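Okay, structure first, notes after.
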Amino acid sequence: MKKILVINGHPDKKSFCTKLAESYLQGAQKGGSDTALLNLFDLDFDPVLHKGYRKRQDLEPDLLAARSKIEGAEHLVFVYPIWWGSLPALLKGFIDRLFLPGFAYTRGTVLPKPLLKGKTAHLIITMDSPPLYHWFFSGGHKIMINSILGFCGIKTKRISQYSPIKNTAPLKLRKWIDQCREKGAKGI
């Protein structure tokens, strides 16, 4: 049984990302995976790393619980929009506060050692710009795949892009929700 954690990085409970995250989770449960959903909008934490890495900032209880869920998961599914070519501030703040030395990687050597090896990821991304525009002119995917997940040892196995969201027919949106459910059932 695969242990899957779905992390919804959209700050709005009524977003299309929330629907995609819930759909993936339903599919994964139906497929027999051990699942959990982490909606960042439900967490109580300060997303600002106030002193950078100069001074340790204690993790709030919700971040400690999130860290435990990440440690226990084999497969992480990040669901989020691309805004201004990158991650939304809530998701970036979550990563800044949680993916710290000692948890996500080691410090003190020339090349930090990734500590989350063996985990895989699936990025489910929404945006309003055309996908090709994003691939050529934006660094959002590369930042998440290489600079964040890859740096910590997490291998991104799949990217699912849904765009444009704005002005898309409800039938097509429903199709995308169903696709996420199918991907969840397959555990990919």
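Values computed for the structure shown
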{"item": "From Phe103, Phe41, residue being out of contact with any Cys (no Cβ under 7 Å at 6 or more places or on another chain), assigned to a loop (DSSP other than H, G, I, E, B) and over 19 Å from Ile159 (Cβ atoms)", "result": "Phe103"}
{"item": "So Phe94, is it buried (at least 20 other Cβ atoms within 10 Å of the Cβ), part of a helix (DSSP H, G or I) and either at positive phi or touching a residue at least 24 places away in the same chain (Cβ under 8 Å) (or both)", "result": "yes"}
{"item": "Among (1) modelled with pLDDT of 95 or more; (2) more than 21 Å from Pro11 (Cα to Cα); (3) surrounded by 16 or more Cβ atoms within 10 Å (Cβ to Cβ) - the single one Cys180 does not satisfy", "result": "(2)"}
{"item": "Residue in segment 56-70 that is assigned to a loop (DSSP other than H, G, I, E, B) and loosely packed, with under 14 Cβ neighbours inside 10 Å present", "result": "yes"}
{"item": "Qualifying positions in segment 142-178 - hydrophobic (A, V, I, L, M, F, W, C) and either in a loop (DSSP other than H, G, I, E, B) or within 21 Å of Gly85 (Cα to Cα) (or both)", "result": "Ile143, Met144, Ile145, Ile148, Leu149, Phe151, Ile154, Ile159, Ile165, Ala169"}
{"item": "Criterion (surrounded by fewer than 19 Cβ atoms within 10 Å (Cβ to Cβ) and touching a helix residue (DSSP H, G or I) at 6+ places or on another chain (Cβ under 9 Å)) met by exactly one of Lys175, Lys117", "result": "Lys117"}
{"item": "From the options Gly52, Gly102, Gly108, residue that is free of Cβ contacts under 8 Å to residues at least 24 places away in the same chain, more than 22 Å from Ile143 (Cα to Cα), surrounded by fewer than 11 Cβ atoms within 10 Å (Cβ to Cβ) and not charged (D, E, K, R)", "result": "Gly108"}
{"item": "Matching option when the condition is under 26 Å from Gly52 (Cα atoms), modelled with pLDDT under 95, among the charged types (D, E, K, R) and within 17 Å of the chain's Cα centre (by Cα), among Lys92, Lys142", "result": "Lys142"}
{"item": "Lone unmet requirement of (1) at pLDDT 95 or above; (2) closer than 22 Å to Leu25 by Cα for Lys117", "result": "(2)"}
{"item": "Filter pass, Thr35 being β-branched (Val, Ile, Thr) and in contact with a helix residue (DSSP H, G or I) (Cβ under 6 Å, 6 or more places away or on another chain)", "result": "yes"}
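The values are calculated or read from the model by the stated rules, or taken from the named source; none is laboratory data. Source: prediction; values computed, not measured. Backbone-built Cβ (ideal geometry, glycine too); neighbour counts: all protein chains shown.
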